[in-house]
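Notes follow the structure.
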Amino acid sequence: MTIESPDALMFVPTECDGSILVSPETQNKSSDILIINIALCDFLMSVYLFLIAGTDYVYNGVYFLNSETWTRSSLCSVAGIVVTISCEGSLTFLLLLTRFRYSNILNPLSGNPLLSSKIVLILSCLCWIFLSLIAFLPLSRSSYFGDSFYGSTGICLPMNLISIDVNGWQYSFAIFAVLNAIILTLIMMSYVQMYKYVSGSRSGSGRADPTELVLARRSLVINLCNLFCWLPLIIVQFCAVFSVEIPNQVAAWLAVLFLPINSTLNPLLYTILTIDMKSIRARNKRRKQQPIK
């Protein structure tokens, strides 16, 4: 069989070596599934903000009389669950998308199972189950988490932004600081490696594939935005653990400012990236189909 374009098919286990052929359409579908999951997680952030804004409107001027009622309420727990799933889900699916692209670019002949849209869908379901577990676990009413884990702050945000004198602070620190720092490090390392790879020679040609080069550059910008949004929050949490005093106003502003910005930028930038990449792929395809003079 003759393949006119090098992008026409991607090689993964065939009948000869245990692999199958995966078309670009399948790869795009897998990538779209992960981007949709990221968008859903970022949408949950808007739900959380509406809950907090509504509560602020109801208790405006009389919050000091109702603070304990609010922080121990079921609505506060719902807000905490929503923001936990939103924050951790966005980074988790971003990591999966990063590894998917990493495999596509650096190991196109490896037959990585992540190329299959069915496998990506299964992984997405498993991620939602994991996210639900870590979000609902603090409601187990154990002595470790206390009676109101999500109510430790007035905005029901389960992050140690001020002090560690709350129940379950180790759990919160492990999830929102340590785990997130690891995820962000893996994401940035992957994109740096991808950018270095596509910037160099491809198959001894001495030229980088223009489509992959643009993708790597713009994806690196997107992940730098995520890094700059999350880095201040992670630093503040480490400061709280090591008893470095941070003003309450600073911690609150970091939470209500950087998290919504991050959730707003993700779907916006990925949408722009997807539109631009489709036009770039179409242009490159037309160039390859033109007869060589």
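The values are calculated or read from the model by the stated rules, or taken from the named source; none is laboratory data. These numbers were taken from a predicted model, which means no experiment stands behind them. Using ideal geometry, Cβ is built from the backbone for each residue, glycine included, and neighbour counts are taken over all protein chains shown. For the accessible areas, the whole protein counts, side chains as well, though only heavy atoms, and no ligand, DNA or RNA atoms are used. Shrake-Rupley method; radii C 1.70, N 1.55, O 1.52, S 1.80 Å.
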Of everything in the stretch 43-60 that's of a type in the set (Phe, Trp, Tyr) and assigned to a helix (DSSP H, G or I), which residue is most open to solvent (accessible area, probe 1.4 Å)? Tyr57
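Conditions (1) in contact with a strand residue (DSSP E or B) (Cβ under 6 Å, 6 or more places away or on another chain); (2) at pLDDT below 90; (3) of a type outside the set (Ser, Thr, Tyr), marked per residue:
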position: Ile38; (1), (2), (3): no, yes, yes
position: Tyr57; (1), (2), (3): no, yes, no
position: Phe64; (1), (2), (3): no, yes, yes
position: Arg72; (1), (2), (3): no, yes, yes
position: Gly80; (1), (2), (3): no, no, yes
position: Gly89; (1), (2), (3): no, no, yes
position: Leu94; (1), (2), (3): no, yes, yes
For the stretch 137-165, pairs from a residue that is under 24 Å from Tyr63 (Cα atoms) and small (Gly, Ala, Ser) to a residue that is part of a loop (DSSP other than H, G, I, E, B) and at pLDDT below 85, with Cβ under 6 Å and 6 or more apart or across chains, are Gly146/Asn167; Ser152/Val166
Could you go through the stretch 282-292 and let me know if any residue there is open to solvent by 20 Å² or more (accessible area, probe 1.4 Å), of a type in the set (A, V, I, L, M) and either modelled with pLDDT of 75 or more or in a helix (DSSP H, G or I) (or both). yes
How about the stretch 68-93: which of its residues are surrounded by 13 or more Cβ atoms within 10 Å (Cβ to Cβ) and among the β-branched types (Val, Ile, Thr)? Thr71, Val78, Ile81, Val82, Val83, Thr84, Ile85, Thr92
Is it the case, given these coordinates, that Leu137 is more than 20 Å from Leu259 (Cβ to Cβ) and in a helix (DSSP H, G or I)? yes
Only one of Leu65, Leu96, Leu40 is part of a helix (DSSP H, G or I) and open to solvent by less than 60 Å² (accessible area, probe 1.4 Å). Can you tell me which? Leu96
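Just for the stretch 52-83: of the residues that are within 23 Å of the chain's Cα centre (by Cα) and without any contact (Cβ under 8 Å) to a residue 60 or more places away in the chain, which one is farthest from Ser116 (Cα to Cα)?
Val78
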Which one of Leu131, Leu137 is within 30 Å of Lys29 (Cα to Cα) and of a type in the set (A, V, I, L, M)? Leu131
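How about the stretch 152-194: which of its residues are part of a helix (DSSP H, G or I) and small (Gly, Ala, Ser)?
Within the stretch 152-194, the first condition is being part of a helix (DSSP H, G or I), and the residues that meet it are 152, 169-194.
Once the filter is applied, which keeps residues that are part of a helix (DSSP H, G or I) and small (Gly, Ala, Ser), the stretch 152-194 yields Ser152, Ser172, Ala174, Ala177, Ala181, Ser190.
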